[in-house]
Amino acid sequence: MNARPAAALPFAFLIAATAACKPEPPATRMARELRGAYPEVATANGVVRTFDVEARPAELPLVDGANLRVWAYNGRVPGPELRIRIGETLRVRFTNHLPEATTIHWHGVRVPNAMDGVPHVTQPPVEPGGTFTYEFTPKDAGTFWFHPHVRSSEQVERGLYGVLVVEDAAPPPYSRDVVWVLDDWLLDETHQIFAQFNTPHDLMHDGRWGNFVTVNGRTSTVLAARGGERIRLRLLNASNARIYAPDFGALDPRIIAVDGLYLARPIPLGRFELAPGNRLDLDVTLPASLASRSLPVVDRFYADTPHHLADIVVDGDTGRPPPTFASPAHARVPVWSAGLTVPPTKELRIDARRGGSYGIEWTFNDQAFAGHEHHGAPMLTMDRGGWVRLRFVNASFRLHPIHLHGIFFRLLARNGVAVDEPFFRDTVLMHSKETIDIGLVPLDAGQWMMHCHILEHAEAGMMTLFEVRG
Ligand code: C2O
Ligand code: CU
């Protein structure tokens, strides 16, 4: 580098240099580090994409192909795949043909508060026969999903969920872009959905775990591909409670996005724990040399009870080596290395106790959510634009995937030990007796939910509100 005479230094540089002499408080610095990680506001390009979505009971060949009575969006489970491009405005004209009220929540999407789909908080519930139009311009490209926020432990379990894909302005040139929705089903001896929800057993343990595991609604899902392809595989865990650790064997995929957002750099899949609500975008390369064969994908969350998820069946070859474009995972993700030096803004202790309408209730700081219609004051108020550290203390032996609406956060530590995940999340799994710390900067004013995504725990009290002052 050429040395420049001091007189030639730009004025702005001098100001920055002067400001740097006075130490900047870590929280201020960390809020500043967020800049450029993801946009603060949406930029609408004027294109409106309209979809009609209705929820109604249906009978569909699901699981192993026998007819299953479900509740479905547009007569399908998973529901319709809504695909738009970043900059476009999504308009969903929703009609409820269920026998009970419902709403649609857009999980992971940074929506205006009024579009968040939380009954009695951001909108009235949509009664049977009623309609509601959701309209927003996503700020982020990525893999998102939608599901009801009314009696979710039953409505989601009955089949109400779908994927929203927001494509990049210039999508990376994968050979194909595939969505796999993972779910499990608890079927009774008549091979229908076991109709008792929120049982004491589910509440005392890790929620409702099914006896069938499906990908895109079927136990026998096959992704037909060819050697030499490079596939973007979007995984969503739509289960009420089950956690997956997908294992692709020798394929060894790279993670390019978690919960919608690209990573700072691609990382090996490893033993990533895909908890309810989480999404993973994988970069899967099929070597050209793969002769025709079937590659099983297996869940190994519990090593002693692996579950077959699906098969990638390779038939033939593209005749070319796999495309070699650069990974899209090169996002700006703040390191927030000073995160643990700032005391927690709030500590939230999670535990269960006897009581409530199910006999057992789950609590944040000894408060059980009394239902959306009776929600009290927010448990926590934060200022827009300020850096916040939250600590969650799991006083129970159970699993709790913690989910925040309307915000991405970074996991800072588990049990006080710093972790360096090169990505944001909207849901993080807490293990038995674990303490976690997360860092975040709220950008959108309103009242937002924070809850366990084991839907039985949420239903039995493990939900609360936080407010972001605008
Ligand atoms: Cu999938 Cu309240 O969330
Ligand atoms: Cu929980």
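The values are calculated or read from the model by the stated rules, or taken from the named source; none is laboratory data. Since the model is a prediction, treat every value here as computed from it, not as a measurement. Quick reminder, even Gly has a Cβ in these numbers, built from the backbone with ideal geometry, and neighbours come from all protein chains shown. Accessible surface is based on the protein model in full, side chains and every heavy atom, while ligands, DNA and RNA are left aside. Shrake-Rupley method; radii C 1.70, N 1.55, O 1.52, S 1.80 Å.
Conditions tested, residue by residue: (1) among the small types (Gly, Ala, Ser); (2) away from ligand 2 (no atom under 12 Å from the Cβ); (3) crowded, with 23+ Cβ neighbours inside 10 Å; (4) outside any strand (DSSP E or B).
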| residue | (1), (2), (3), (4) |
| --- | --- |
| Ala413 | yes, yes, no, no |
| Pro422 | no, yes, no, yes |
| Lys433 | no, yes, no, yes |
| Ile436 | no, yes, no, no |
| Asp444 | no, yes, no, yes |
| His451 | no, no, yes, no |
| Glu456 | no, no, yes, yes |
| Gly461 | yes, no, yes, yes |
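Residue check: is Arg391 within 19 Å of Ile243 (Cβ to Cβ), free of Cβ contacts under 8 Å to residues at least 60 places away in the same chain and more than 12 Å from ligand 2 (Cβ to nearest atom)? Outline the logic, then answer.
On the way: within 19 Å of Ile243 (Cβ to Cβ): no; free of Cβ contacts under 8 Å to residues at least 60 places away in the same chain: yes; more than 12 Å from ligand 2 (Cβ to nearest atom): yes.
Criteria not met by Arg391.
Out of all the residues in the stretch 149-170, which are closer than 25 Å to Phe424 by Cβ and in contact (Cβ under 8 Å) with a residue 12 or more places away in the chain?
Initially, the stretch 149-170 is screened for residues closer than 25 Å to Phe424 by Cβ, giving 149, 152, 156, 161-170.
Hits for the stretch 149-170 are His149, Ser152, Val156, Tyr161, Gly162, Val163, Leu164, Val165, Val166, Glu167, Asp168, Ala169.
On the given criteria, is Phe409 of a type in the set (Phe, Trp, Tyr), farther than 19 Å from Ser152 by Cβ and either in contact (Cβ under 8 Å) with a residue 24 or more places away in the chain or more than 16 Å from ligand 2 (Cβ to nearest atom) (or both)?
Answer is yes for this residue.
Counting only residues that are assigned to a loop (DSSP other than H, G, I, E, B) and not hydrophobic (A, V, I, L, M, F, W, C), which one in the stretch 390-411 is most open to solvent (accessible area, probe 1.4 Å)?
Among those that are assigned to a loop (DSSP other than H, G, I, E, B) and not hydrophobic (A, V, I, L, M, F, W, C), it is Arg398.
Is it the case that the stretch 346-353 has a residue that's acidic (Asp, Glu), under 18 Å from Ile436 (Cβ atoms) and surrounded by 14 or more Cβ atoms within 10 Å (Cβ to Cβ)?
So far as the stretch 346-353 goes, yes, one or more of its residues are acidic (Asp, Glu), under 18 Å from Ile436 (Cβ atoms) and surrounded by 14 or more Cβ atoms within 10 Å (Cβ to Cβ).
Pick out the one residue from Leu348, Leu380 that is within 16 Å of ligand 2 (Cβ to nearest atom), touching a strand residue (DSSP E or B) at 6+ places or on another chain (Cβ under 6 Å) and not hydroxyl-bearing (Ser, Thr, Tyr). Even if it seems obvious, please write down each step before you answer.
Values: Leu380 fails: within 16 Å of ligand 2 (Cβ to nearest atom).
Answer to the check: Leu348.
Find the strands (runs of 3 or more DSSP E) located wholly in the stretch 278-373 whose residues include 1 or more that are touching a residue at least 40 places away in the same chain (Cβ under 8 Å) and under 30 Å from Ala31 (Cβ atoms), and list them.
Numbers: elements: 279-285, 293-299, 307-317, 346-354, 360-364.
It comes to 279-285, 346-354, 360-364.
Does Pro268 count as over 19 Å from His307 (Cα atoms), in contact (Cβ under 8 Å) with a residue 60 or more places away in the chain and open to solvent by 40 Å² or more (accessible area, probe 1.4 Å)?
no
Within the set of pairs 6+ apart or on separate chains, which have a first residue in the stretch 188-215 that is free of Cβ contacts under 8 Å to residues at least 24 places away in the same chain, a second that is outside any loop (DSSP other than H, G, I, E, B) and open to solvent by less than 20 Å² (accessible area, probe 1.4 Å), and C-beta atoms under 8 Å apart?
Taking only residues 6 or more apart or on different chains, the pairs are Phe194/Leu187.
In the stretch 248-257, is there at least one residue being open to solvent by less than 10 Å² (accessible area, probe 1.4 Å), at positive phi and of a type in the set (D, E, K, R)?
So far as the stretch 248-257 goes, no, none of its residues is open to solvent by less than 10 Å² (accessible area, probe 1.4 Å), at positive phi and of a type in the set (D, E, K, R).
Here's the yes/no breakdown for (1) open to solvent by less than 10 Å² (accessible area, probe 1.4 Å); (2) out of contact with any helix residue (DSSP H, G or I) (no Cβ under 7 Å at 6 or more places or on another chain); (3) more than 16 Å from ligand 2 (Cβ to nearest atom); (4) over 26 Å from Ile407 (Cβ atoms):
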{"residue": "Phe146", "(1), (2), (3), (4)": "yes, yes, yes, no"}
{"residue": "Gly159", "(1), (2), (3), (4)": "yes, yes, yes, yes"}
{"residue": "Val163", "(1), (2), (3), (4)": "yes, yes, yes, no"}
{"residue": "Thr190", "(1), (2), (3), (4)": "no, yes, yes, yes"}
{"residue": "Thr199", "(1), (2), (3), (4)": "no, yes, no, yes"}
{"residue": "Leu203", "(1), (2), (3), (4)": "yes, no, no, yes"}
{"residue": "Gly207", "(1), (2), (3), (4)": "yes, no, no, no"}
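Within the group Thr131, Thr102, which residue is buried (at least 18 other Cβ atoms within 10 Å of the Cβ), hydroxyl-bearing (Ser, Thr, Tyr) and on the phi < 0 side of the Ramachandran plot?
Numbers: Thr131 fails: buried (at least 18 other Cβ atoms within 10 Å of the Cβ).
Every option except Thr102 fails the conditions.
Quick check on the stretch 149-156. Is at least one of its residues among the polar types (S, T, N, Q) and in contact with a strand residue (DSSP E or B) (Cβ under 9 Å, 6 or more places away or on another chain)?
At the first step, the residues of the stretch 149-156 found to be among the polar types (S, T, N, Q) are 152-153, 155.
Then keep just the ones that are in contact with a strand residue (DSSP E or B) (Cβ under 9 Å, 6 or more places away or on another chain); that gives 152, 155.
Looking through the stretch 149-156, at least one residue is among the polar types (S, T, N, Q) and in contact with a strand residue (DSSP E or B) (Cβ under 9 Å, 6 or more places away or on another chain).
Does Val468 count as over 25 Å from Ala329 (Cβ atoms), open to solvent by 10 Å² or more (accessible area, probe 1.4 Å) and part of a strand (DSSP E or B)?
Here the answer is no, as Val468 does not meet what is asked.
When the residues of the stretch 236-295 are filtered to those that are among the acidic types (Asp, Glu) and away from ligand 2 (no atom under 16 Å from the Cβ), which remaining residue is nearest to Ser327 (Cα to Cα)?
Asp283
Among the residues in the stretch 391-404, are any more than 17 Å from Val109 (Cα to Cα), within 16 Å of ligand 1 (Cβ to nearest atom) and charged (D, E, K, R)?
no
Cβ-Cβ below 6 Å, separation at least six or inter-chain, first residue in the stretch 454-470 and on the phi > 0 side of the Ramachandran plot and modelled with pLDDT of 95 or more, second of a type in the set (A, V, I, L, M, F, W, C) and more than 9 Å from ligand 2 (Cβ to nearest atom): which pairs?
Gly461/Ala368; Gly461/Phe369
Within the stretch 144-157, identify whether any single residue is outside any strand (DSSP E or B), modelled with pLDDT of 95 or more and more than 15 Å from ligand 1 (Cβ to nearest atom), and answer yes or no.
Within the stretch 144-157, none of the residues are outside any strand (DSSP E or B), modelled with pLDDT of 95 or more and more than 15 Å from ligand 1 (Cβ to nearest atom).
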